[in-house]
Amino acid sequence: MKIVVGLGNPGEQYAKTRHNIGWHVLDRVADRAGWSGRGRNRDAGSVVQGRFRGLDLLLAKPLTYMNDSGIAVRKLLARERAPLAEMLVVVDDFALPFGKLRFREGGGAGGHNGLGSIIDELGSEGFSRLRIGIGAPDRAFVDHVLSRFEPDESARLDELLDAAADAVEGWARDGTSKAANRFNMFELRPADSDLVAGPGEVDGPPGPDGVRRTRTGWRKVRPPEARE
């Protein structure tokens, strides 16, 4: 069983903030697996699990606030009797440009309170994490992580979540090292529409059927109202 933990804050006021991108990635994986709406609350988290494309996955969102994420993670690992090597934590990172993906196997919290709580509760840094770049702050970092994405970022967020969901699946299938080799080089298309490739090319606009070609495959672009 591979365990994927997405960090975020509970409550509608936080739902669309940068700090909750870990939850959004798990939602995208759940959508693909047909598990949306099937999560159940236990041990201070919302959990859904099953078999997806030959993988046994458990997706977990701690329902504590971010600073106490480790409480839910500790309880989850104890219940599942799972080793740290089988867990991936998906987390926002304002030290990375918006749209960058960065796998790391172990290491410190890097100033992230959610990761710090997990490390404190487990007494170990020995777990993999997937950091999602949310861009550098131009204000106090707390205000930044609790802010919503800018319009040009929101326009590309769907593509970023698809790439991150691909990365989660790659980790579950091939491990952290191979997933890092594949996804740490990922580049989200630029915001400037003049730099977008032509129709049918990688990172070009969608065709009449709403399908766009990306670096990780063909993706159907959801209309804006479907993202609300």
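The values are calculated or read from the model by the stated rules, or taken from the named source; none is laboratory data. All values derive from a computational prediction rather than experimental measurement. Here the Cβ is made from the backbone with ideal geometry for all residues, glycine too, and neighbour counts use every protein chain on show. Protein only, heavy atoms only, side chains kept; ligands, DNA and RNA dropped before computing areas. Shrake-Rupley method; radii C 1.70, N 1.55, O 1.52, S 1.80 Å.
Counting only helical runs of four or more DSSP H residues, what would the 222 nm mean residue ellipticity of the chain come to if each run contributes -39,500 (n - 2.57) and the total is spread over all its residues?
When only DSSP H runs of four or more count, the value is -10000 deg cm²/dmol.
Give the average over all directions of the projected area of the C-alpha convex hull of the chain, one decimal, in nm².
Directional mean of the projected Cα hull area for the chain stands at 12.1 nm².
State in Å² the accessible area per residue of the chain; use a 1.4 Å probe, count heavy atoms of protein chains only, and round to the nearest integer.
Ligands and nucleic acids excluded, the figure is 47 Å² per residue.
Starting from the Cα-Cα distance between Lys220 and Asp174, subtract it from 0.36 nm times their residue separation and give me the gain in nm to one decimal.
That works out to 14.0 nm of additional length.
Could you compute how fast region 70-144 diffuses translationally, taking Rh as the Kirkwood radius over C-alpha pairs and applying Stokes-Einstein at 37 °C with viscosity 0.692 mPa s? Give it in µm² per second.
Roughly 252 µm²/s, to the nearest whole number.
If you count the DSSP beta bridges with both ends in region 11-158, what percent of them are antiparallel, to the nearest 5?
The antiparallel proportion sits near 75 percent.
Quick check for me: using +1 on Lys/Arg Cβ and -1 on Asp/Glu Cβ, what's the dipole size of region 72-167 about its Cα centre, in debye to the nearest 20?
Magnitude of the dipole: close to 400 debye.
Suppose each label sits 7 Å from its Cα in the direction of the beta carbon; what would the Glu150-Leu122 distance come out to in nanometres?
3.4 nm
Using modelled amide H (1.01 Å from N, peptide plane; none on Pro or chain starts), what sits under 5 Å from the amide H of Gly135, excluding residues fewer than 5 places away?
Residues meeting the criterion, in which the H sits 1.01 Å from N, are Leu96, Phe98, Gly99.
Find the relative contact order for region 41-172 and round it to a whole percent, using C-alpha pairs within less than 8 Å whose residues are 6+ positions apart.
Relative contact order here is 24 percent.
Carbon and sulfur together cover what percent of the accessible area of region 77-128 at a 1.4 Å probe radius?
Looking at region 77-128 in its full context, I get 44 percent from C and S.
How big is the dipole moment of the chain about its Cα centre under a simple scheme where the beta carbon of each Lys and Arg is +1, that of each Asp and Glu is -1, and everything else is neutral? Debye, nearest 20, please.
Rounded to the nearest 20 debye, it is 820 debye.
Identify, among Ala95, Gly116, Phe149, the residue whose Cα sits farthest towards the positive end of the charge dipole of the chain, taking +1 on the Cβ of Lys and Arg and -1 on the Cβ of Asp and Glu, with the dipole about the Cα centre.
Gly116
Within region 1-60, which trypsin sites (Lys or Arg not before Pro) sit in a loop by DSSP and count at most 15 neighbouring Cβ atoms inside 10 Å?
Those satisfying the criteria are Arg38, Arg53.
Report the far tail of the P(r) of region 37-171, meaning the percent of Cα-Cα pairs longer than 25 Å.
Value for region 37-171: 28 percent of Cα pairs lie more than 25 Å apart.
Calculate what fraction, in whole %, of the accessible area of region 1-63 sits on carbon and sulfur atoms when a 1.4 Å probe is rolled over the protein chains.
44 percent
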